[in-house]
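> Encoded as structure tokens, here's the structure I'll be asking about.
The values are calculated or read from the model by the stated rules, or taken from the named source; none is laboratory data. In this text, all values refer to a predicted model and were calculated from it rather than measured experimentally. Cβ placement follows ideal geometry from the backbone for every residue including glycine, while neighbour counts extend to all protein chains displayed.
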């Protein structure tokens, strides 16, 4: 798939994220829009995973630690054919499997997540199993920057380094905002690169909305043999919708009808400009 | 039914020693068995395991949340992960990982709580696990097993290795004599073992409290009271069929556990009995809702009446 085709997919994913969040009248809008380009590149260019091989022990794994941005994951999984997209019309509805966090009841979801600080330890365990079994599959996990104060992340960072898990890649969706305000105000975790490097990780920083840069970063795994990989994806919360960008109120804000129409128009324009 | 073994202390081993020996034996022929430890291989008696099967032990260091998270990842990738840590830390510090990464995600980790209850004695409250039954009972999709003697321990470890669902096994440090030599009393999760038949009163215990319950039954016989003693090794799922039968056959029921009286074996039995219409004199013996008296394990248990004399006294009181 070309960069242009992936960029077009990203716009389409953004439209669907908004559509289903509006339909559910619930969702994590800002974060889903900030991480969607990462998910797009992962599922369309990086991961060896599909509906056909999802039960194969040799598939790549993706574990979404920032589970609240499940809308981004669901629209990508639907696009990959894991389930009919129309299923998402039941998002957050009574008795639907499509709830506000990833659950294995939805085909394509690897682990039930939602509580923060859980993805990296599990991903480290899967990556360790691959090493023990001498298998080539890789494990990817997406972390929110706001979940990094959870100590379990740093426990797992030690384990990943200790066991030289260069088949593990963590991506931080570094949109620099969380529900209360900026990361810097809530609990300053900077400098993330130096912190992870000091824990023994190989770190790359990329523009998390630059499709080509993301492809190149993932393609260069392992960044350093014997070291776990970290991509700090610099992103914008609410990316793609001008009135949502960098605004913490869209953490889990749901657009009203006018805002939704305005957002869709903006995305239509973006599509023609690719 | 059930011959009480009166003098087997020479052969008695701590259940956690039997756990480690059994696991080593299984792991020698099953390369998917992985022991995951939190700087706990010494207290978990897994030093020999680490020496003989270094490729099958994963040391995490003192980080229980990560211990359980990593074990969940290993299990999801097909490994038979045994996450071994003192019960106090495993089931408190890593409770959210147990709830979400193991049970909710249905990753069949074998959680091994060692040095459980008040095994650590004078090390104090930080090292006691008197909450683990209660918190784990409130989580869906986990089997909670508390073996009483070396036989039950060996069987429980073998069953846990075969399990496709999350299991919690809880062990203490004290050498435990065999409860019975009756080979007809088998062992399976969810089925209580009647280790002594009586008829007047039922004593339902688990873990290291079954042995004093059995000794209490012997004392009661001297007073003409016949007690049935059950090792209710599995708290969840609870063997309600057996409880119903014993409630019908005997005049009173006592439960005994090395756990706080809140939320453990006793309350599980009480809940069933009351809701199923069995109205019998009933007493829960355990640690009361307080920080325990200081002392060794046996001193603490004796203080709260969890001893042959204490249990026998309680039986006489309940029957009168």
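> So residue B:258 clears everything in (1) within 13 Å of residue B:212 (Cβ to Cβ); (2) touching a strand residue (DSSP E or B) at 6+ places or on another chain (Cβ under 9 Å); (3) without any contact (Cβ under 8 Å) to a residue 24 or more places away in the chain except one condition, right? Which one?
Only one criterion in (1) within 13 Å of residue B:212 (Cβ to Cβ); (2) touching a strand residue (DSSP E or B) at 6+ places or on another chain (Cβ under 9 Å); (3) without any contact (Cβ under 8 Å) to a residue 24 or more places away in the chain is unmet by residue B:258, namely (3).
> Another question, then. Suppose we keep only residues that are more than 27 Å from residue A:56 (Cα to Cα) and at the interface with chain A (Cβ under 9 Å from one of its Cβ atoms) within segment B:42-61. Which one would you say is surrounded by the most Cβ atoms within 10 Å (Cβ to Cβ)?
Let us first name the residues in segment B:42-61 that are more than 27 Å from residue A:56 (Cα to Cα), namely B:42-54, B:59-61.
Okay, now just the ones that are also at the interface with chain A (Cβ under 9 Å from one of its Cβ atoms), so B:59-61.
On the way: B:59: 17, B:60: 29, B:61: 15.
The qualifying residue surrounded by the most Cβ atoms within 10 Å (Cβ to Cβ) is B:60.
> Sticking with this one: Looking only at residues in segment B:221-270 that are farther than 20 Å from residue B:166 by Cβ and in a loop (DSSP other than H, G, I, E, B), which one is modelled with the lowest pLDDT? Don't jump to the end; show me each part of the working.
Here is the first cut: in segment B:221-270, the residues farther than 20 Å from residue B:166 by Cβ are B:221-231, B:240-258, B:260-262, B:266-267, B:269-270.
Then drop every residue that is not in a loop (DSSP other than H, G, I, E, B), which leaves B:223-226, B:250-251, B:261-262.
On the way: B:223: 93, B:224: 96, B:225: 98, B:226: 98, B:250: 97, B:251: 97, B:261: 98, B:262: 98.
The qualifying residue modelled with the lowest pLDDT is B:223.
> Considering only segment B:74-92, I want to know if a residue exists there that is touching a strand residue (DSSP E or B) at 6+ places or on another chain (Cβ under 9 Å), more than 7 Å from every other protein chain (Cβ to nearest Cβ), assigned to a helix (DSSP H, G or I) and farther than 19 Å from residue B:132 by Cα. Full working, then the answer.
To start, the set of residues in segment B:74-92 that are touching a strand residue (DSSP E or B) at 6+ places or on another chain (Cβ under 9 Å) comprises B:74-77, B:79-92.
This time we only want the ones that are more than 7 Å from every other protein chain (Cβ to nearest Cβ), so: B:75, B:80-92.
This time we only want the ones that are assigned to a helix (DSSP H, G or I), so: B:75, B:87-90.
Cutting the leftovers down to farther than 19 Å from residue B:132 by Cα gives us B:75.
Looking through segment B:74-92, at least one residue is touching a strand residue (DSSP E or B) at 6+ places or on another chain (Cβ under 9 Å), more than 7 Å from every other protein chain (Cβ to nearest Cβ), assigned to a helix (DSSP H, G or I) and farther than 19 Å from residue B:132 by Cα.
> Of everything in segment A:62-101, what is closer than 19 Å to residue A:140 by Cβ, in contact (Cβ under 8 Å) with a residue 40 or more places away in the chain and either in contact with a strand residue (DSSP E or B) (Cβ under 6 Å, 6 or more places away or on another chain) or surrounded by fewer than 19 Cβ atoms within 10 Å (Cβ to Cβ) (or both)? Give them in sequence order.
A:62, A:63, A:64, A:65, A:66, A:79
> If you don't mind, there's one more thing I want to ask. Which count do you get for residues in segment A:212-246 that are under 25 Å from residue A:267 (Cα atoms) and in contact (Cβ under 8 Å) with a residue 60 or more places away in the chain? Walk me through how you get there before you give the answer.
So in segment A:212-246, the residues under 25 Å from residue A:267 (Cα atoms) come out as A:212-215, A:233-246.
Keeping just the survivors that are in contact (Cβ under 8 Å) with a residue 60 or more places away in the chain gives A:212, A:214-215, A:233-241, A:244, A:246.
Of the residues in segment A:212-246, 14 are under 25 Å from residue A:267 (Cα atoms) and in contact (Cβ under 8 Å) with a residue 60 or more places away in the chain.
> Go through (1) over 17 Å from residue A:46 (Cα atoms); (2) within 14 Å of chain B (Cβ to nearest Cβ) for residue A:141 and report which single condition fails.
(1)
Every residue, every condition in (1) out of contact with any strand residue (DSSP E or B) (no Cβ under 6 Å at 6 or more places or on another chain); (2) surrounded by 14 or more Cβ atoms within 10 Å (Cβ to Cβ); (3) modelled with pLDDT of 95 or more, yes or no:
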{"residue": "B:5", "(1), (2), (3)": "yes, yes, no"}
{"residue": "B:9", "(1), (2), (3)": "yes, no, no"}
{"residue": "B:22", "(1), (2), (3)": "yes, yes, yes"}
{"residue": "B:29", "(1), (2), (3)": "yes, no, yes"}
{"residue": "B:33", "(1), (2), (3)": "no, yes, yes"}
{"residue": "B:40", "(1), (2), (3)": "no, yes, no"}
{"residue": "B:68", "(1), (2), (3)": "no, yes, yes"}
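> When residues of segment B:104-124 are filtered for being within 14 Å of chain A (Cβ to nearest Cβ) and either part of a helix (DSSP H, G or I) or closer than 10 Å to residue B:295 by Cα (or both), how many remain?
1
> Could you please give the count of residues in segment A:156-180 that are facing another protein chain (nearest Cβ under 9 Å), surrounded by fewer than 24 Cβ atoms within 10 Å (Cβ to Cβ) and in contact with a helix residue (DSSP H, G or I) (Cβ under 9 Å, 6 or more places away or on another chain)?
Of the residues in segment A:156-180, 2 are facing another protein chain (nearest Cβ under 9 Å), surrounded by fewer than 24 Cβ atoms within 10 Å (Cβ to Cβ) and in contact with a helix residue (DSSP H, G or I) (Cβ under 9 Å, 6 or more places away or on another chain).
> Considering every residue within segment A:116-126, establish whether at least one is more than 9 Å from chain B (Cβ to nearest Cβ) and buried (at least 24 other Cβ atoms within 10 Å of the Cβ).
From segment A:116-126, those more than 9 Å from chain B (Cβ to nearest Cβ) are A:116; that's our starting set.
Still in the list and also buried (at least 24 other Cβ atoms within 10 Å of the Cβ): none.
Taking every residue of segment A:116-126 in turn, none turns out to be more than 9 Å from chain B (Cβ to nearest Cβ) and buried (at least 24 other Cβ atoms within 10 Å of the Cβ).
> Scanning segment A:243-274 for residues that are outside any helix (DSSP H, G or I) and over 21 Å from the mean Cα position of the chain (by Cα), which turns out surrounded by the most Cβ atoms within 10 Å (Cβ to Cβ)? Step through it out loud before you land on a result.
From segment A:243-274, those outside any helix (DSSP H, G or I) are A:243-247, A:251-256, A:273-274; that's our starting set.
Then drop every residue that is not over 21 Å from the mean Cα position of the chain (by Cα), which leaves A:243, A:255-256, A:273-274.
Working: A:243: 12, A:255: 19, A:256: 10, A:273: 8, A:274: 12.
For segment A:243-274, the residue satisfying everything is A:255.
> Against the condition in contact (Cβ under 8 Å) with a residue 40 or more places away in the chain, over 28 Å from residue B:109 (Cβ atoms), part of a loop (DSSP other than H, G, I, E, B) and not assigned by TED's automatic domain parsing to the domain that holds residue B:95, how does residue B:198 come out, does it pass?
Working: in contact (Cβ under 8 Å) with a residue 40 or more places away in the chain: yes; over 28 Å from residue B:109 (Cβ atoms): yes; part of a loop (DSSP other than H, G, I, E, B): yes; not assigned by TED's automatic domain parsing to the domain that holds residue B:95: yes.
Judged against the criteria, residue B:198 is a match.
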